[in-house]
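J.: Before I ask anything, here is the structure I am working with.
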Amino acid sequence: MKKKALIIGLCSILLVTGCGQKAKLKNGKEVVAEMEGKTITAEDLYDELRTQGGTTVLVNMIDEFIANKEIETDRNAKEYADNQLENLKAQYKQAGQDFEAALTNAGYSSESKFKEVLILDYKKNKVVENYLSDNLTEKEIETYYNDEVFGEMTVKHILVKPETKDDMTDDEKTEAEKKAKEKAEKIIKELNDGAKFDDLVSKYSDDEGSKDNKGLIENFTKDSVVSDFWDASIKLKDKEYSKEPVKSDYGYHVIYRISQKDKPKLKDVKEDIKEKLVENMLSADTNLPTKTWVKIRKKYKLDIKDDDIKKAYKKSNNA
């Protein structure tokens, strides 16, 4: 947005010298605009612009060059832009605001021009992700593999949801939680007394997604379920059910473990691990993209010649 505002402002100034004209620069003394009692040279204009966001504009130009050099405008980039555009339209519509007017006010002549910015955003994100991925150590990858990668699990479960409402008091919600837990304990007692798990799924489970399939949840990984559910499942042996209700954000589960596949080989999941590690790094540090771009520019041997802009760049990026 700042880039657009700067361009619009610059075009307005240039129009003072005549529609469509452009100062031909040789030594910076060329006149960009003049009026009674005042002459503005290209050098004057540059000095003013460099103090009003010049560092930001320069960095944007550098990053755009790098992003376009490293990442192609492929189907993924276009789909990202399309999805972002549709989401923004929906948000404006929900808020009762005119998206087209907002685009025009921001300086975009069309949706296609705005999509170019969204595609560039995608590319910049990918440059950061690729850099972080390429700089992961084998130790980091192996540690994640050893600690976090397991064979896929298949279980059946019965879910008991507490009957809570938004307008309940804390005491009422606590009582509903208590009743749900007691119901799960009753189910476990029936299993202990010889009841069949599949019959109890049909009778008691509140999970409509798995209830019609005997409570079956197939081939899930640690990352695809809530941690409480995974931790309880991994502790069970095959053909064994949980002897205590398993509490999660969804309610209370009774879990019957069916099987677990062998752990995949590192070489088969290495790329997935790298992707997950990068995702975790970005989630843990919101400033990481900014810090990573400093390293990427260094990789390209960035050398800012203007002393004031260079000073401002170092101050803002701790470079």
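J.: Looking at 42, 150, 273, which one has the Cα that reaches farthest to the positive end of the dipole of the chain (charges on Cβ: Lys, Arg +1; Asp, Glu -1)?
T.: 42
J.: Could you give the angle, 0 to 90 degrees to the nearest 10, between helix 75-94's Cα long axis and the longest principal axis of the Cα atoms of the chain?
T.: Tilt relative to the chain: about 90 degrees.
J.: Further question: Could you give the dipole magnitude of the chain about its Cα centre, charging the beta-carbon of Lys and Arg +1 and that of Asp and Glu -1, in debye to the nearest 20?
T.: Numbers: 59 positive and 65 negative charges, 242 e Å.
Computed charge dipole of the chain: roughly 1160 debye.
J.: When only alpha-carbon atoms are used, what values of Rg and Dmax, in angstrom, describe the range 215-284?
T.: According to the Cα coordinates of the range 215-284, Rg and Dmax are 14.5, 39 Å.
J.: A further question on this structure: Please compute the length gained on full extension between residue 95 and residue 283, using 0.36 nm multiplied by the number of residues separating them and subtracting their Cα-Cα distance.
T.: Gain on extension, residue 95 to residue 283, equals 64.9 nm.
J.: If you don't mind, there's one more thing I want to ask. Roughly how tilted is helix 111-134, in degrees to the nearest 10 and between 0 and 90, from the longest Cα axis of the chain?
T.: 70 degrees
J.: What is the range 141-218's relative contact order, in percent, from Cα pairs under 8 angstrom and six or more apart in sequence?
T.: Value for the range 141-218: 44 percent.
J.: Still on this structure, please answer the following. Quick check of the Kirkwood formula: for the chain, what is the inverse mean of 1/r over all pairs of different Cα atoms, in Å?
T.: 25.7 Å
J.: Next question. Over all distinct Cα pairs, what is the inverse of the mean 1/r for the range 151-260, reported as the Kirkwood hydrodynamic radius in Å?
T.: 14.2 Å
J.: Another question about this same structure. Using only Cα atoms, locate the centre of the range 145-164 and the centre of the range 28-107, then give the distance between them in Å, rounded to an integer.
T.: What the calculation gives is 47 Å, centre to centre.
J.: Arrange the peptides 102-115, 149-162 so that the one whose residues have, on average, the most other Cβ atoms within 10 Å appears first. Walk me through the numbers on the way to the answer.
T.: Working: 102-115: 13.8, 149-162: 20.2.
The most tightly packed comes first, giving 149-162, 102-115.
J.: Can you list residues whose amide H is under 5 Å from residue 33's amide H, if they're 5+ apart or on another chain and H is modeled 1.01 Å from N?
T.: Result for residue 33 returns 40.
J.: Moving on. What residue among 252, 61, 192 has its Cα farthest toward the positive end of the dipole of the chain, where the charges are +1 on Lys, Arg and -1 on Asp, Glu, each on the Cβ?
T.: Of the listed residues, the answer is 61.
J.: Work out the charge dipole of the range 280-319 with +1 on the Cβ of Lys and Arg and -1 on the Cβ of Asp and Glu about the Cα centre, then indicate which of 313, 286, 296 is farthest towards its positive end.
T.: 296
Values in this text are rule-based calculations from the coordinates and carry no lab data. If you're wondering where the values come from, they're calculated on a predicted model, not measured in any experiment. Methodologically, a virtual Cβ is constructed for each residue, glycine included, from the backbone with ideal geometry; neighbour enumeration extends over all protein chains shown.
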